[in-house]
Amino acid sequence: MMQITELNQNIDPAEIHHFRQLGKHWWDKEGPMKMLHAVNPIRTAFILDCTELTNKAVLDIGCGAGILSEALAFHQAKVLGIDMAQEAIEAAQAHAKTRSEPWLNTSLRYQLSSAEDLATSQPNSFDIITCMECLEHVPDPLSIIKACRTLLRPNGYLLLSTLNRTPKSYLQAIIGAEYILKMIPKGTHHYEKFIRPHEMHEWARSQGFMLKKLAGIQYHPITKNFSLSQDVSVNYLACYQLTDK
């Protein structure tokens with residue numbers, strides 16, 4: 001069984017328990033994680049629009065079972081996915097073994113670790129860091145952004161996605177998605193942990209990051225697809241570049 005060195009315990013045990021229970025469902029595209037699969041193409045498109053992936057060292061924080069990590073590796077990035085839920089890491093490793101593409105053997109790795117722990121052992125190691133729908137699940141989001149500053153090389157990119165703390169996001173992401181439409185498991189989100197864009201920008205600026213691009217994520221209930229939009233009142237994606245290092 002894999003172990004981690006807990007140098008920094010920026011984790012919520014209840015959150016880890018919640019995602020550990022989903023281990024066997026991550027790659028079921030019609031299961032409880034189907035919304036992650038549906039939103040993954042626009043996340044990938046946003047990242048590709050912000051930066052070049054080919055031969056870049058990419059860290060995917062809170063990678064889960066590797067839904068985004070595999071997509072980034074497909075675009076020829078050298079990807080390390082990290083997560084604090086052991087079952088998710090094991091699901092990621094198991095799924096990678098089912099893929100026939102030879103590039104996965106050299107371009108995609110997974111590790112049970114926090115961002116803070118990795119920052120102590122691999123500073124200045126990555127060109128790009130992605131952290132999707134993770135910051136709203138930890139006690140101290142700024143701690144992860146600080147770790148990203150350490151982990152990134154000069155002029156590196158940090159790409160984040162999270163939920164805005166607005167009445168609209170509460171109605172759509174919790175009441176609608178979890179309880180009425182049952183698109184995601186109940187208890188996935190906690191409104192008080194949602195992060196407003198200006199709060200994210202403040203944290204990023206304090207660590208030397210400059211905002212390069214901001215986009216909202218819009219869900220279309222008829223087609224059951226997502227698209228990028230200018231409306232950041234529910235979900236949003238942000239791209240920052242490290243300019244002060």
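The values are calculated or read from the model by the stated rules, or taken from the named source; none is laboratory data. Predicted model, so just to flag it, every value in this text is computed and none were measured. Side chains included, ligands, DNA and RNA excluded: accessible areas come from the protein's heavy atoms. Shrake-Rupley method; radii C 1.70, N 1.55, O 1.52, S 1.80 Å.
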Review point. Using heavy-atom solvent-accessible surface (probe 1.4 Å) with all chains present, what is the largest-first order of K182, K245?
Key: K182, K245
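As a check on your grasp of the helix formula, calculate [θ] at 222 nm for the chain: sum -39500 (n - 2.57) over DSSP H runs of n ≥ 4, divide by the residue count, round to the nearest 500. Intermediate values should be presented prior to the final figure.
Numbers: 8 runs with 78 residues, N = 245.
After summing the helix terms and dividing by residue count, I get -9500 deg cm²/dmol.
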Practice item. Report the full-extension gain for the segment K212 to S227: residue separation times 0.36 nm, less the Cα-Cα distance, to one decimal in nm. Key: 3.5 nm
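Restricting to the chain, compute how many DSSP beta bridges are antiparallel as a %, nearest 5. Working shown, then result.
Numbers: 20 of 40 bridges.
Bridges in the chain are about 50 percent antiparallel.
Of all beta bridges DSSP finds with both residues in segment 122-245, what is the antiparallel percent, to the nearest 5?
Values: 20 of 26 bridges.
The antiparallel proportion sits near 75 percent.
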Point to revise | 5 angstrom amide H check on R196, placed H, neighbours 5+ away | key: R165
Point to revise | For segment 186-245 versus segment 53-112, the gap between their alpha-carbon centres in whole angstrom | key: 22 Å
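Which order do you get for H198, H37 if you rank them by accessible area with a 1.4 Å probe, largest at the top? Write down the numbers at each step before the final one.
Details: H198 100, H37 30 Å².
The residues order as H198, H37, largest area first.
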Review point. Going by a ≥ b ≥ c, the root eigenvalues of the Cα gyration tensor, does segment 78-139 fall in the rounded group (a/c under 1.5), the prolate group (a/b larger than b/c) or the oblate group?
Key: oblate
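Please compare each pair in K29/K168; K29/K182; K24/K186 to a cut-off of 21 Å on the Cα-Cα distance and tell me which ones are over it.
Working: K29/K168 26 Å; K29/K182 14 Å; K24/K186 17 Å.
Checking Cα-Cα distances, K29/K168 exceed 21 Å.
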Point to revise | With DNA, RNA and ligands ignored, accessible area of H25 (1.4 Å probe; Å², nearest 10) | key: 60 Å²
Check your understanding: From the backbone phi of segment 172-183, what are the Karplus-calculated ³J(HN,Hα) couplings (6.51 cos²θ - 1.76 cosθ + 1.60, θ = phi - 60°) in whole Hz, Gly and Pro given as x?
Key -> 7, 7, 9, 4, x, 6, 8, 9, 8, 7, 6, 7
Revision key, fill the gap. Computed over the chain, protein heavy atoms only, probe 1.4 angstrom, the accessible area per residue in square angstrom equals 47 Å²
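Out of all Cα-Cα pairs in segment 166-225, roughly what percent, to the nearest whole number, are more than 16 Å apart? List each step's numbers first, then the result.
On the way: 1008 of 1770 pairs.
Tail fraction, whole percent: 57.
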